[in-house]
Amino acid sequence: MVENRPFQTFLTHLILILGVAVVVFPVYVAFIASTQAPGTFLRGVIPMTPGAHMVENYSAMLGTGLRRAGAPPIAGQMFNSLVMALGITIGKIAISLLSAFAIVYFRFPFRIFFFWVIFMTLMLPVEVRIFPTYQVIVDLGMLNSYAGLTIPLIASATATFLFRQFFMTIPEELMEAARVDGAGPMKFFKDIMLPLSITNIAALFVIMFIYGWNQYLWPLLITTDTDYFTVVMGIQRMANAAETDPQWQLVMAAVVLAALPPVLVILFMQRLFVKGLTETEK
Amino acid sequence: MQTKRSTFPAGWLPYALVAPQLVITLIFFIWPAGQALVQSVQRQDPFGFRTTFVGLDNFSRLFADPLYMNALSVTFVFAVGTTLLSMSVALLFAVMVNKLIRSRDGYTTLLVWPYAVAPAIAGVLWWFIFNPTIGILPYILDMLGYDWNHRTSSTDAMILVIIAAAWKQISYNFIFFLAGLQSVPHSLIEAAAIDGASPMKRFWTIVFPLLSPITFFLMVINIVYAMFDTFGIIHATTQGGPAQATNILVFKVYMDGFIGQNIGYAAAQSVVLMAIVIVLTVIQFRYIERKVQY
Amino acid sequence: MATITMDTLEKTYPGAAEPAVKGISLDIADGELIVLVGPSGCGKSTLLRMVAGLETITSGTLRIGERVVNRLEPADRDIAMVFQNYALYPHMTVYNNLAYGLKNRRFPKAEIERRVQEAARILEIDAFLGRKPRQLSGGQRQRVAMGRAIVREPAAFLFDEPLSNLDAKLRVQMRVEIRRLQRRLRTTSLYVTHDQLEALTLADRLVVLNAGQVEQIGTPSVVYDRPETLFVATFIGSPSMNLVPTDFVRSHANGHMPPLSDRADIIGIRPDSLLLAEPPEPATPLPATLELFEPAGDVSHLYLRLETLPEPLTARVQGRPSLEEGAPLTLWVRHGEFHPFEKETGRRVE
């Protein structure tokens, strides 16, 4: 520290506490709202202190949902979100590990071409190819299915690049030693590369889980059956319904539930999260 | 592109290893993108029975369409607003947190979690706070003499979606700014202090210029985020309204193609978006190449 | 145990204009320790890696024992290798590092246990079997790398500059240990180094390589005492051999010249061969001026200017003679210590 004046430190803390308050504010309001009694939101202003109906609201959302708005119970939607998030995460990591391994540890015709094909995925987010992708899903009969929710999203240039980058830093001699020790490519992959990649896999897991859980446009496109709704996309129906039938205490309970799992993942795995975030952008 | 110095004998195995990634990419990325290109020069009749080749007609219609031009300018205002708001707040937080030692991790934890909140959820949170009837902020604004109503006011609606989009993105920018600040050599700041520069002057003449690569990188990332990842915010809240005021490009392409079934027209919009992503990706990778050389 | 036979081995990298290894033939006897030595880029590592099976062989035949192994995977060649950076598996314990190659070959558990314990005992690493490589010092890692080779009981050991990551003191110590171990196990060994001192001290025979070709093959004493080429003459020995034009020596010899071939236009003289006093044997005088005196413990280095020659000569003498810098003196070279070379071919001529 060049300078260490008590007043400056106080000012720093003050700014940060105010900043944190602003950042936390929307979620605080949502939580407070989710504990209120029905009818609270018909007039007046949102209360700023917790109400007494937390358990009631949350269990209502988890168990029955908002029938009048055509929203099924949140529990089922959360399960769908979990399946989708885990499916995307595991799928992305698995196929990216394999393709990065092939690109780094083999020399074969069309290698560079394959690399560029994978690279192209970076330039083609769902948002720019909505309709034709939807048609492909229809043609393959993947509407309203877990396969449809996950498989099309598991191609990942980012993850492949991350693993390629990491594999390149592994000393050449490790693979040569393993070859002399009688390990074939897949044995080397399983015995040496996988254990060494654990930290990177975990960091990527955190990032990809959040990515998968927070998908919005994709489930919106390919699910029409409420049994396959995910919780993040389901929120929209309830929020819109609340404009006319202001059951905000229930909508906000759903919002808190939808945001909770990925937020918990970040809070408990902050170090891996920061690592994942900064390394995928290299 | 490099491999290892010595590699495993090739055979069929490497093909099998890249196959899953490749097949998914071809079926769900490359093929639909190609379809979008083809459809962008075609027109379908309303029942989808006949398609005719119309050349660049869809594109010329697109750029003559005042609604599309409106979406372009709305997207521009939205992206620039989100980027500026989010980055400046994040930089302020990062500089403050970087001054502290013991409480650094604690504040970091409190500031990074909004990254995990989905854009759609972020949208609904702020939509609720700004609710013109019961929202807490309109209540306060009303006391200050401002009549907030994002259902009717274009400006209010735009401010709402910018705040929601920027709020979520603060975490991301904060993490990168903090990492950047921590890599500024302390000796430089001490040298500037010995040279008599005040703390403010030290920041703007020494630290900020050293952060410029990260700032540039974050600008690109934030623009990409605001343009392509915020569909959920718009869809879950304003639905592009009022009066097209928040109708950003990705929302418009969804409405025209998916809801309006105007395939060729939407495909032309997709192609324009594709061009934008490609340009932004190239800029981003240029930057990364340069960074590697440092 | 096996012989290794190289018959005109050649390696050309794809896209390279010249081969990295140019038709090398070499017969290694069973139990012999051969050192490949040469400057960086001379092809010594490439040749070793060709024997290991880590580089493909462009042409020629390689036999380990009676088998032609050109196309075999490294694992099938019955060799073990010690790498420059040790290449220990960082996530495995020392025990598992040693056992990995045996497990892959489906050795019975008891046999693996026996061999690992035996190797650990020989190398005195029994105490570290449960540790991970990062918890070991450089010297201990080096021993583990050797242990990994020993447990396999292979036909041949391949060493790729195994000591170059160690500090000077440890390097000498490990050099002695490698030599002792190799004597004890009598395993045919091929050892690559760029350090000529390591080569001289370790080798049964050494192979001096330059630009992908063999310059000389021989025992350390033959290579040192009778270098066959100018390259070997200057590469082996430290400080390196002085080269003086024959005409210059003759013009100052006053008739004290040994019989030399007409083609010998360069004479090589080792720094140790430059004497300050006339010896009893027949010798040739060389007038010089002392430019710089450098005491180095038990010996001293003298940098000497010979009137018209552009480069100074280096002499190494015992002790610390009292000499004054700038003073003229006469050096003597025994006739038996002349190394006559032909400049054009770079070869020794008697």
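The values are calculated or read from the model by the stated rules, or taken from the named source; none is laboratory data. Small disclaimer: the values here were computed from a predicted structure and weren't measured. As a convention, Cβ positions derive from the backbone with ideal geometry for all residues, glycine included, and neighbour counts pool all protein chains shown. Note: areas computed on protein heavy atoms with side chains; ligands, DNA, RNA excluded. Shrake-Rupley method; radii C 1.70, N 1.55, O 1.52, S 1.80 Å.
Being hydrophobic (A, V, I, L, M, F, W, C), closer than 30 Å to residue C:304 by Cα and part of a strand (DSSP E or B) narrows it down to one of C:244, C:222, so name that one. Spell out how you get there, then give the answer.
Values: C:222 fails: part of a strand (DSSP E or B).
When all the criteria are applied, what remains is C:244.
Exactly one residue out of A:12, A:35 is at negative phi, at the interface with chain B (Cβ under 8 Å from one of its Cβ atoms) and open to solvent by less than 60 Å² (accessible area, probe 1.4 Å), and it is A:12. Go through region A:263-282 and report how many residues are at the interface with chain B (Cβ under 8 Å from one of its Cβ atoms), open to solvent by less than 60 Å² (accessible area, probe 1.4 Å) and in contact (Cβ under 8 Å) with a residue 60 or more places away in the chain. Going through region A:263-282 one residue at a time, the tally reaches 3. All of B:124, B:161 fail the test of being under 16 Å from residue A:29 (Cβ atoms), modelled with pLDDT of 90 or more and in a helix (DSSP H, G or I), apart from B:124.
Just one of the listed residues (C:209, C:200) is open to solvent by 20 Å² or more (accessible area, probe 1.4 Å) and outside the structural domain of residue C:308 (by TED's automatic domain parsing), namely C:200.
For every residue, the table says whether it meets (1) open to solvent by less than 10 Å² (accessible area, probe 1.4 Å); (2) touching a Phe, Trp or Tyr at 6+ places or on another chain (Cβ under 9 Å); (3) closer than 21 Å to residue B:159 by Cβ; (4) more than 8 Å from chain A (Cβ to nearest Cβ).
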| position | (1), (2), (3), (4) |
| --- | --- |
| B:82 | yes, yes, yes, yes |
| B:88 | no, no, yes, yes |
| B:95 | no, yes, no, yes |
| B:99 | no, no, no, no |
| B:106 | no, no, no, yes |
| B:115 | no, yes, no, no |
| B:119 | no, yes, yes, no |
| B:122 | yes, yes, yes, no |
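Any chance region B:165-175 includes a residue that's outside any helix (DSSP H, G or I) and either basic (Lys, Arg) or exposed (fewer than 14 other Cβ atoms within 10 Å of the Cβ) (or both)? Break it down stepwise before answering.
Filtering region B:165-175 for residues outside any helix (DSSP H, G or I) gives none.
Checked region B:165-175: no residue is outside any helix (DSSP H, G or I) and either basic (Lys, Arg) or exposed (fewer than 14 other Cβ atoms within 10 Å of the Cβ) (or both).
In region C:46-59, the residues that are farther than 10 Å from residue C:70 by Cα form Cβ pairs under 9 Å with partners that are aromatic (Phe, Trp, Tyr) and surrounded by 19 or more Cβ atoms within 10 Å (Cβ to Cβ), at six or more places apart or across chains, as follows: C:48/C:159; C:48/C:191. Only one of the numbered conditions (1) among the β-branched types (Val, Ile, Thr); (2) open to solvent by less than 10 Å² (accessible area, probe 1.4 Å); (3) more than 9 Å from chain B (Cβ to nearest Cβ); (4) assigned to a helix (DSSP H, G or I) is not met by residue A:104, and that is (3).
Evaluating residue A:115 against the criteria (1) more than 7 Å from chain B (Cβ to nearest Cβ); (2) in a helix (DSSP H, G or I) leaves one unmet condition, (1). For residue B:154, the conditions (1) more than 13 Å from every other protein chain (Cβ to nearest Cβ); (2) under 22 Å from residue A:46 (Cα atoms); (3) at pLDDT 90 or above; (4) more than 18 Å from the chain's Cα centre (by Cα) are fulfilled apart from (2). In the set (1) away from every other protein chain (no Cβ under 12 Å); (2) open to solvent by less than 30 Å² (accessible area, probe 1.4 Å), the condition left unmet by residue B:25 is number (1). For region B:1-90, the helices (runs of 4 or more DSSP H) that sit wholly inside it and include 3 or more residues that are of a type in the set (Val, Ile, Thr) are B:13-25.
Considering only region A:159-174, state which residues are buried (at least 18 other Cβ atoms within 10 Å of the Cβ) and away from chain C (no Cβ under 14 Å). Break it down into steps so the answer makes sense when it comes.
Of region A:159-174, the ones buried (at least 18 other Cβ atoms within 10 Å of the Cβ) are A:159-164, A:166-167, A:173-174.
The answer is A:159, A:160, A:161, A:162, A:163, A:164, A:167.
Go over the candidates C:251, C:322 one by one and state the one that is in a loop (DSSP other than H, G, I, E, B) and out of contact with any Lys or Arg (no Cβ under 8 Å at 6 or more places or on another chain). Result: C:322 is the single residue among C:251, C:322 that is in a loop (DSSP other than H, G, I, E, B) and out of contact with any Lys or Arg (no Cβ under 8 Å at 6 or more places or on another chain). When we screen B:107, B:139 for residues that are hydroxyl-bearing (Ser, Thr, Tyr), more than 21 Å from residue A:9 (Cβ to Cβ) and part of a helix (DSSP H, G or I), the only hit is B:139. The residue that is surrounded by the most Cβ atoms within 10 Å (Cβ to Cβ), among those in region A:198-255 that are under 30 Å from residue A:56 (Cβ atoms) and among the hydroxyl-bearing types (Ser, Thr, Tyr), is A:230.
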